[in-house]
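All remarks here apply to the structure that follows.
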Amino acid sequence: MLVKEMTYNNGSFLRLLQYFSDGANKDDDFCYFHNLPAVDTNSLEQIAEAFEYNHSFCKRVRTKAKHIVLSFHKDSTPYLDDAALYALTAEFLRLRAPNAIGYIRKHVEKDHHHLHVCLSGNNAYSDTSIRLDKVEYVKRMKELESFQMAHFKELDASLVYQYQKEKKVAINPKETHKQEVLNLLTELADKARYTDEFLELIAEHPELECYAYRNKINGVYYKEKKYRFKKYIPERYSALEQLQKWHELSKGDQNSQELSH
């Protein structure tokens, strides 16, 4: 399971939660509430008010919330029933921010399942940040994946961190190039917050060049060979696409507000 985070500082909680709700599959809905007070869980307005009230305790914490995407490989889709999603979500929250408040919804993009997570930037009713340094963050995400490996072996296609670590470097030049481009794309995708930033980082890299199919950028040229994003970094690219949609929507809202003043 890939975890991709983006800081959310501008706009209302209600706008973000509405985006989560609008993209959910109403016939196959999945909702998870984390440390929320006694509110009507069918009311996005009340849930948003709970987040806003919690944020009012912040004096030093700048981050209003974290918009997080938990992404799974399409081959894992048949095994992602509610029981698996609840267990993995609970474990993620236990490791990432046990004392924050959170709201989680599922989106389905073609064959890919994603969980959109809104986490408060501070722990519940305190001025303590949920921020983790990079070393501790990676350690906890590896623990999350160890939990996944132990309890949901059928989700092996969605192993990201462990798989990258254990994968052997190939010997022949062609396979070595595949490993090299995988490492490059992984590094750039982890730096980017959404697709546009990912493509900008690729454009700046001297060894990579994007290629398009049907007016959409689908991959890169590396050493005169094509490598598709959805083949080499499927979970990362899918998560970036999800965050790109929210980025475009929130940017449009911001532009509308500026024009109205």
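Derivation of every value follows stated rules applied to the coordinates shown; laboratory data play no part. As the structure is a prediction and not an experimental result, all values here were calculated from the model. Neighbour counts run over all protein chains shown; Cβ positions are idealised from the backbone, glycine included.
Quick rundown of the values:
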read-out	value
The chain - mean residue ellipticity at 222 nm from DSSP helices (-39,500 (n - 2.57) per run, n ≥ 4, rounded to 500)	-15000 deg cm²/dmol
Residues with amide H under 5 Å from that of THR128, placed H, sequence gap 5 or more	ASN123
Under-5 Å amide H pairs with CYS210, H placed in peptide plane, nonlocal only	TYR221
Mean-position separation - Cα centroids, the range 130-156 and the range 43-95, in angstrom	16 Å
The chain: relative contact order in percent, alpha carbon pairs under 8 Å with at least 6 residues between	21 percent
Shape of the range 17-146, Cα gyration tensor, a/c cut at 1.5	oblate
Among (1) 41; (2) 73; (3) 44, the entry derived from the coordinates for percent of Cα pairs over 26 Å apart	(3)
Whole-Hz ³J(HN,Hα) from phi, Karplus 6.51 cos²θ - 1.76 cosθ + 1.60, for the range 101-114, glycine and proline x	10, x, 9, 10, 9, 9, 10, 10, 10, 6, 9, 8, 9, 10
Set of aspartates and glutamates with alpha-carbon distance to LYS225 below 13 Å, sequence-local pairs under 8 removed	GLU175, GLU180, GLU207, GLU209
Unit charges on C-beta of K, R, D, E only; dipole of the chain, Debye	720 debye
